[in-house]
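Engineer: Handing you a structure now.
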Amino acid sequence: MASLGEKINRILNRRSVKYGLPFLLVVLGGSFGLREFTHLRYQFSRVSQVRPEELKKVGVEMKKPGEVTLEGEYEKIKKIDIDNWEQVRGPRPWEEETSE
């Protein structure tokens with residue numbers, strides 16, 4: 001007669017237990033973990049709209065709805081000369097000139 005340890009060892013060495021059980025644990029545990037993380041994300045996110053008065057204080061000028069149309073922007077882009085341009089490299093943070 002097989003002992004209890006041998007029976008448990010035989011069950012644990014089955015392919016369905018050896019590979020299937022960890023897979024199910026990862027899938028189910030991942031879904032519950034993901035639910036908790038997304039809950040925290042939305043619970044602590046700042047959901048506030050930016051008002052035009054606040055934008056004017058920092059210098060952003062908003063256009064009225066309907067003032068900008070897709071056709072109008074397309075016409076502006078058609079006027080731009082994209083064949084003649086010069087690549088200009090921007091300064092890197094470590095290359096900034098310090099005023100002493």
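Values quoted throughout were computed directly from the atomic coordinates according to the rules given, and no laboratory measurement underlies them. No experiment lies behind these values; they were computed from the predicted model shown. Because the Cβ atoms are built from the backbone with ideal geometry, glycine has one as well, and the counts that use them run over all protein chains shown.
Engineer: If I model a spin label at Lys79 and Tyr19 as a point 7 Å from the Cα along the Cα→Cβ vector, what separation in nanometres do I get?
Structural biologist: According to this spin-label approximation, the distance is 6.5 nm.
Engineer: With each pseudo-label sitting 7 Å past Cα toward Cβ, what's the Gln49-Glu86 distance in nm, one decimal?
Structural biologist: It works out to 4.5 nm between the two label points.
Engineer: Right, something else. Between Glu6 and Lys57, what length in nm is gained on full extension when 0.36 nm per residue of separation is reduced by their alpha carbon distance?
Structural biologist: 10.8 nm
Engineer: Across the chain, how many lysine pairs, 8 or more positions apart or on different chains, have C-alpha atoms separated by under 22 Å? Please give the number.
Structural biologist: 6
Engineer: Please work out the Kirkwood hydrodynamic radius for the chain, using every pair of different C-alpha atoms, and report it in angstroms with one decimal place.
Structural biologist: 22.6
Engineer: Kirkwood-based Rg over Rh for segment 23-75 (C-alpha set), two decimals?
Structural biologist: With Rg and the Kirkwood Rh in hand, the quotient comes to 1.36.
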